[in-house]
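J.: Here it is, the structure in full.
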Amino acid sequence: MTVLTFDLPRADCIPVAFKEFIHSEWLDHNPRSVEFKFEDKHLIINHSHKESLRIVVPWHVKDLGVFFLKTVSLPRSKNNYDLALEIARGTVGRLVDQTENWIAAGLQVDETIQQQIQNVKSNFQRATFSTEEIRFDLANQAIRGSIQLMGEISELFAELIFELRRNESQPKTSLLGCQLDPESGKLQKALENIFNAGILQIPEYDQPSPKVKTQLESLCGKLHQKGITSCTEPLFQLSEFRKQDFATIEDAEDNLLERGKRLLEQCGNEFKLIHPLAQVGLHENNGWSDQEQIHLAFELYSMIKNLQPQIPLLLGINQPFGESQTVFPLNKSPIQLADNLIRMDTPIAAFCLEFNLGYYPQGTWSRDLYAFNDLLDAWAHFDFPLILQLQIPGGVKKRLESEANEFEIAAALDSQANWIRQITLLSMAKHNVAGVFYGNLIDQPSDQYFGSGLFNNQLKPKPAVETLRSIRELMNR
């Protein structure tokens, strides 16, 4: 058993509500649970792995909220590690390494950005050689500065890619990663056209009339409109399909296929895109194991493809970072689930990664932006187009409890807009991303991810509405 001991600079440096989610990360980026305990002013980690591990810890970043940040790979040591210093080392290192890779591939950053990077590095270096009294503050300054710079530099990266595309230039392969093969490229172009046709414009209004209010609320249901088919609502979510209702997996399969056929008949033949199943990979889906989820998905998609052979089918992957593996360490990662389905020749046209950001424990935990960059690059190896669904809390700060879920959520109004802008721009700069859509229009008390609407329940727009409009204008240009 390997023991890692961290000195805690302050008793409250790890937010109490998120302490249970401390975990490790392997070199393959898969999260794994670890045994840990707090003793005096120490965090003690026990693990049975021979190799060194990155330790991932929830950390409150001033003005930005709670982030799950990781150290560099840490071997066993007779001496204690300083937790703030190691989190800063990992965060600053990620900023420097990724930024230098982009610069080497053609990204240009001005003197202001270069000076800010130098300031972050300087704060970390000063923290390394400082006394305990000021080490914590300097390390936190380095962490906060790194996270903010990641957003700025990612936007520069996105602008560079958009400019290359406008000029029809061929970007360096090292900047974009591997290229899609010609057939996949054609499919992605078709998906982009479908995506752009299927996303409904957010209407302009100040004080909505009852008629407009009714129209807006109707968009929160299944958006299978005549002439377009929105991908924002799946036909099924595994969380709504209960294992205990069936005696065998065959019974469940028959029921799922029958329900699928009925829904297809109700929606008619106006489909341009079908999202048959969501929340694959979430291991609290009423007891469905990995193999059962794979089996049900394969049968459902095969049936729909037989009925609608010309229509692209999406598959929704919940928690694409694999958060549930911290509770179920022997289960497959989201990428492993996708790989199994691809090897079975499941008729999937694209994967939909569901980022329900900032909802604990069943959502996507907040990370620095370069973690999203790494994840999208990892999925690029499948040579399948990606569509991203975003749901991010805005203007809420509470604990939500219901029969099915209990979430800890905390976000300011402007943080929702910032996350949407940063993730959308970074994602659309990736060659394997066909589109990004937002999954919730209006806050409703019954929403699974409460508070993620672009409008509050009084139909007042949040700042994120204007952010999405500006992004659409940028993409249209």
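J.: Taking interchain pairs and intrachain pairs at least six residues apart, which have beta carbon atoms under 7 angstrom, with the first residue in segment 105-123 and on the phi > 0 side of the Ramachandran plot and the second in a loop (DSSP other than H, G, I, E, B)?
T.: The qualifying pairs are 106/172.
J.: Can you tell me which of (1) modelled with pLDDT of 95 or more; (2) closer than 12 Å to residue 143 by Cα is the one residue 61 doesn't meet?
T.: (1)
J.: Looking at segment 66-118, which of the residues that are crowded, with 16+ Cβ neighbours inside 10 Å and of a type in the set (D, E, K, R) is farthest from residue 323 (Cα to Cα)?
T.: Taking the candidates together, the pick is 82.
J.: If I filter segment 96-109 for residues that are aliphatic (A, V, I, L, M), touching a Ser or Thr at 6+ places or on another chain (Cβ under 6 Å), within 23 Å of residue 69 (Cβ to Cβ) and assigned to a helix (DSSP H, G or I), do I get at least one hit?
T.: Scanning segment 96-109 turns up no residue that is aliphatic (A, V, I, L, M), touching a Ser or Thr at 6+ places or on another chain (Cβ under 6 Å), within 23 Å of residue 69 (Cβ to Cβ) and assigned to a helix (DSSP H, G or I).
J.: Just one of (1) more than 24 Å from residue 146 (Cβ to Cβ); (2) touching a strand residue (DSSP E or B) at 6+ places or on another chain (Cβ under 9 Å); (3) surrounded by 13 or more Cβ atoms within 10 Å (Cβ to Cβ) trips up residue 37, so point out which.
T.: Single failed check for residue 37: (3).
J.: Report yes if residue 144 is more than 23 Å from residue 21 (Cβ to Cβ), touching a residue at least 40 places away in the same chain (Cβ under 8 Å) and of a type in the set (Lys, Arg), otherwise no.
T.: It is false that residue 144 is more than 23 Å from residue 21 (Cβ to Cβ), touching a residue at least 40 places away in the same chain (Cβ under 8 Å) and of a type in the set (Lys, Arg).
J.: Can you spot a residue in segment 130-147 that is surrounded by 15 or more Cβ atoms within 10 Å (Cβ to Cβ), farther than 24 Å from residue 11 by Cβ, at pLDDT below 95 and over 22 Å from the mean Cα position of the chain (by Cα)?
T.: No, every residue in segment 130-147 fails to be surrounded by 15 or more Cβ atoms within 10 Å (Cβ to Cβ), farther than 24 Å from residue 11 by Cβ, at pLDDT below 95 and over 22 Å from the mean Cα position of the chain (by Cα).
J.: Moving on to the next point. Mind counting the residues in segment 233-255 that are among the acidic types (Asp, Glu) and in a loop (DSSP other than H, G, I, E, B)?
T.: Qualifying residue count for the region: 1.
J.: Taking the condition exposed (fewer than 13 other Cβ atoms within 10 Å of the Cβ) and within 26 Å of the chain's Cα centre (by Cα), does residue 12 pass?
T.: no
J.: Does segment 45-55 include one or more residues that are among the hydrophobic types (A, V, I, L, M, F, W, C), surrounded by fewer than 19 Cβ atoms within 10 Å (Cβ to Cβ) and more than 26 Å from residue 373 (Cα to Cα)?
T.: no
J.: Let me ask another. Between residues in segment 434-453 that are farther than 17 Å from residue 234 by Cα and touching a residue at least 60 places away in the same chain (Cβ under 8 Å) and residues that are part of a strand (DSSP E or B) and of a type in the set (D, E, K, R), which pairs lie under 8 Å by C-beta distance while being six or more apart or on different chains?
T.: Every condition considered, no pair remains.
J.: Ok, one more. Could you tell me whether segment 216-238 includes any residue that is farther than 20 Å from residue 438 by Cβ, under 23 Å from the mean Cα position of the chain (by Cα) and at pLDDT 80 or above?
T.: For segment 216-238, residues farther than 20 Å from residue 438 by Cβ, under 23 Å from the mean Cα position of the chain (by Cα) and at pLDDT 80 or above: present.
J.: Given the options 383, 377, name the one that is at pLDDT 90 or above and either farther than 21 Å from residue 359 by Cβ or touching a helix residue (DSSP H, G or I) at 6+ places or on another chain (Cβ under 8 Å) (or both).
T.: One residue alone meets the criteria, 377.
J.: Regarding residue 164, is this residue in contact (Cβ under 8 Å) with a residue 12 or more places away in the chain and of a type in the set (A, V, I, L, M, F, W, C)?
T.: no
J.: While we're looking at this one, here's another question. From the list 314, 376, 330, which residue is buried (at least 21 other Cβ atoms within 10 Å of the Cβ) and not in a strand (DSSP E or B)?
T.: 376
J.: Collect the residues in segment 378-399 that are touching a Cys at 6+ places or on another chain (Cβ under 9 Å) and of a type in the set (D, E, K, R), keeping them in residue-number order.
T.: Here is the first cut: in segment 378-399, the residues touching a Cys at 6+ places or on another chain (Cβ under 9 Å) are 380-381, 383, 386-389.
Residue satisfying the conditions is 383 alone.
The values are calculated or read from the model by the stated rules, or taken from the named source; none is laboratory data. If you're wondering where the values come from, they're calculated on a predicted model, not measured in any experiment. Cβ: placed from backbone, ideal geometry, glycine included. Neighbour counts: every protein chain shown.
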